[in-house]
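Heads up, the thing below is written out as structure tokens.
The values are calculated or read from the model by the stated rules, or taken from the named source; none is laboratory data. Quantities reported herein were computed from a predicted structural model and do not represent experimental measurements. Here Cβ is always computed from backbone atoms with ideal geometry, including for glycine, and neighbour counts include all displayed protein chains.
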Amino acid sequence: MNTKDINCAHACKNSCAMLKKGIDLESELTGFYEELSTVCDYPDVQSFLSDFVVRHRKMIGDMREKLNQMEARGQVLDGIISSFDPAGV
């Protein structure tokens, strides 16, 4: 993984490129581990990989939740800012 491929705008308001990239990578890893667990016939390893899948899905959910929070906060801030904009009246 090369972090130089990710551009952070440092002005996140409604979204975050870093979290979106993290979601993409976690989703890819989740699919990889799911595929491995279907191919593997050793119960201990299959269980281990299934646990990985659960953890990665949780991570994806946590990142999506953070993105949703950022979007909601950005919308609130936009509303506050627009209420003070004399051109919007």
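Restricting the first residue to segment 69-84 and requiring it to be within 13 Å of residue 16 (Cα to Cα), which pairs with a second residue that is among the hydrophobic types (A, V, I, L, M, F, W, C) and not in a helix (DSSP H, G or I) meet a Cβ separation below 9 Å and a spacing of at least six or different chains?
Sorted first by the residue in segment 69-84, then by its partner, the pairs are 70/12; 70/16; 74/12.
Could you check, for segment 31-47, whether at least one of its residues is hydroxyl-bearing (Ser, Thr, Tyr), modelled with pLDDT of 90 or more and assigned to a loop (DSSP other than H, G, I, E, B)?
Yes, segment 31-47 contains at least one residue that is hydroxyl-bearing (Ser, Thr, Tyr), modelled with pLDDT of 90 or more and assigned to a loop (DSSP other than H, G, I, E, B).
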